[in-house]
Amino acid sequence: MSKVKLAVFASGNGSNLQALMDAARSRPGAPVEIALVVSDRRNARALERARDAGVDAVYISPKRAGGRAEFDAAAVRELEARGVQLIALAGFMRILGADFVRRYENRILNIHPSLLPAFPGTRAIQDAWEHGVKTTGVTVHYVDEGVDTGPIAAQCPTLIRPNDTIETLTAKIHAVEHALYPQVVFAAAEGRVRVHGRLVTIKPPAIQLPPVR
Ligand code: GAR
């Protein structure tokens, strides 16, 4: 069966990109080929990881693009040139405009380091920590026109224990992300994920949630 062409958008370290690339390479029957990595930061480690893995990677300069619509249009050109069918945001810290989101409706996933709708935005781990919650976690959701508001595909909790620090919490959350995201992206690529309004269902085999730590 031919593989689904996946693009990963990343602004930073790219550890979730790495988890996706590793899973795409090593899992027998992996349903995706990572056709493109897009970044809005020239020096993103994610771009380096992609190039090291021999994956096509492009930097789109937000400044040169000129505005959100222009940035998004430049991204669409790159995606269309490679026949991309599915998009995974992985630490992509830019908001995609409504036209882009509509064009790829129910084909853009995002990973977020909290149990949404708690702690949306770019500082979720820190916000949860400062709020003093005892449980936080990871959410994989479809991207809609809001910020971190789209239909939720999967969630996994992470406990904040008395001896945790923000560093140990961050490490635990990242480990959950790396275990969860490839599974959900692959399920979507296999056509096993359905969005019915706010409700997302995944046909078997079920997502294996990592142990709660
Ligand atoms: C991840 O924790 C991801 O959930 C978060 O950025 C980090 C990127 O790490 N995304 C957001 O906060 C989106 N609002 P990575 O570059 O190592 O994958």
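The values are calculated or read from the model by the stated rules, or taken from the named source; none is laboratory data. Quick caveat: nothing in here was measured; it's all calculated off a predicted structure. No Cβ is skipped: glycine too gets one built from the backbone with ideal geometry, and neighbour counts run over all protein chains shown.
Does LEU169 fit the bill of being in a helix (DSSP H, G or I), modelled with pLDDT of 95 or more, buried (at least 17 other Cβ atoms within 10 Å of the Cβ) and more than 13 Å from the chain's Cα centre (by Cα)? So LEU169 passes the test. Restricting attention to region 75-127, the residues that are surrounded by 20 or more Cβ atoms within 10 Å (Cβ to Cβ), within 10 Å of the ligand (Cβ to nearest atom) and of a type in the set (Gly, Ala, Ser) total 4. Answer with yes or no whether VAL37 is buried (at least 21 other Cβ atoms within 10 Å of the Cβ) and without any contact (Cβ under 8 Å) to a residue 40 or more places away in the chain. In short, yes.
Answer yes or no: is there a residue in region 53-65 that is touching a residue at least 24 places away in the same chain (Cβ under 8 Å), outside any helix (DSSP H, G or I) and under 30 Å from LEU159 (Cβ atoms). No, that holds for no residue. The residues in region 75-86 that are within 20 Å of the chain's Cα centre (by Cα), over 20 Å from PRO31 (Cα atoms) and of a type in the set (A, V, I, L, M, F, W, C) can be counted, and the count is 2.
Residues checked against (1) part of a helix (DSSP H, G or I); (2) in contact (Cβ under 8 Å) with a residue 60 or more places away in the chain:
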site: GLU33; (1), (2): no, no
site: ALA50; (1), (2): yes, no
site: ALA73; (1), (2): yes, no
site: PHE100; (1), (2): yes, no
site: ILE111; (1), (2): no, yes
site: PHE119; (1), (2): no, no
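Here is the figure for region 121-138: residues that are of a type outside the set (Gly, Ala, Ser), over 26 Å from ALA7 (Cβ atoms) and touching a residue at least 24 places away in the same chain (Cβ under 8 Å) total 6.
Only one residue in ARG194, ARG198, ARG161 is exposed (fewer than 15 other Cβ atoms within 10 Å of the Cβ) and in contact (Cβ under 8 Å) with a residue 12 or more places away in the chain. Which one? On inspection, the qualifying residue turns out to be ARG198.
Determine whether region 34-52 contains at least one residue that is over 20 Å from ARG94 (Cα atoms) and of a type outside the set (D, E, K, R). Yes, because at least one residue in region 34-52 is over 20 Å from ARG94 (Cα atoms) and of a type outside the set (D, E, K, R). Across region 1-20, the qualifying residues are those that are in a helix (DSSP H, G or I) and crowded, with 23+ Cβ neighbours inside 10 Å, and the one among them that is farthest from the ligand (Cβ to nearest atom) is LEU20.
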